[in-house]
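Only the coordinates and a few stated rules stand behind these numbers; no lab work does. Only a predicted model underlies this, so the values are computations on that prediction, with no experimental measurement involved. Cβ placement follows ideal geometry from the backbone for every residue including glycine, while neighbour counts extend to all protein chains displayed.
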Amino acid sequence: MKMRNKKLILLFCLCLSNICFAINAENLLPNSGFEKIKNRMPEGWKFEFGTGFSFGELERENVFAGQNAVKIACKEEGSSDWRVLETFLDIDPEKSYKASVQVYSTSKIEGSHYLELQWFGKDGYISRDRAVSKVVNKWDKVEIKGVKPPIGATHVAVLLRVYEPGDYYFDDIYFAVAK
Ligand SMILES: [Ca+2]
C-alpha cells in the first residue's frame with residue numbers, strides 16, 4: 001500500500017474515533033441504568049437523606065428503560081439525593097464534563113429537584129452546576145453540557161437531588177468527559 005493511502009486511512013480512523021468519543025464518551029458512573037440489584041438496592045448507589053422528610057427506594061414500575069429506576073418520595077421540604085456509594089469521583093481539572101439523566105417529577109414547584117454536580121477541592125465544597133426539568137408527570141431528559149470544574153476542584157459529587165415535596169423518578173444517568 002502506498003504511504004499516502006496509509007496516511008489517509010490513519011487520518012480516517014482518527015476522525016472516526018474522535019466522532020465516536022464525541023457521541024458517546026465513557027460513562028464514569030457505575031450501573032447507570034440501575035439494572036444491577038444487590039440487597040434490593042441498585043448496586044453502587046445509595047440514598048442520602050439530608051433534611052426534611054423523604055425516602056429513597058428502587059422503582060420497578062415507573063421506569064424510563066429496562067426494569068428499574070430510582071425514586072425519591074419527598075413529603076416535606078428539605079434535601080436528599082441518590083449518589084454513588086463513595087459520593088466522590090476524581091476529576092481532571094483541565095477537562096470539561098457533561099452529565100444527563102432521565103427524570104419524571106410529579107412536582108410543579110420550581111427548583112424542586114436537580115441533576116447536580118457539586119465540585120470539591122482540598123478545602124471542601126467550592127461550587128455547583130445544576131439542571132432541572134420543568135416537565136411534570138412525564139419522563140424528560142435533563143442535561144448539563146460541557147462545564148469546566150472551578151479552579152481548585154479535585155473531585156465531584158454527581159447528585160440526583162430533591163428539595164420539595166413530590167415523587168421523583170430517575171433513570172439512565174450519565175456523567176462523562178466532554179472534552
Ligand atoms: Ca433503568
Requested in this report: Having 1 or more residues that are hydroxyl-bearing (Ser, Thr, Tyr), in contact with a strand residue (DSSP E or B) (Cβ under 7 Å, 6 or more places away or on another chain) and surrounded by fewer than 16 Cβ atoms within 10 Å (Cβ to Cβ) is the bar; report the strands (runs of 3 or more DSSP E) wholly within region 43-126 that clear it.
Outcome: 45-59
Query raised in the report: Looking only at residues in region 154-176 that are surrounded by 19 or more Cβ atoms within 10 Å (Cβ to Cβ) and more than 15 Å from Asp81 (Cα to Cα), which one is nearest to the ligand (Cβ to nearest atom)?
Result: Asp172
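Every residue, every condition in (1) at negative phi; (2) out of contact with any helix residue (DSSP H, G or I) (no Cβ under 9 Å at 6 or more places or on another chain); (3) among the basic types (Lys, Arg), yes or no:
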site: Gly124; (1), (2), (3): no, yes, no
site: Ser133; (1), (2), (3): yes, yes, no
site: Lys141; (1), (2), (3): yes, yes, yes
site: Pro149; (1), (2), (3): yes, yes, no
site: Ala153; (1), (2), (3): yes, yes, no
site: Tyr174; (1), (2), (3): yes, yes, no
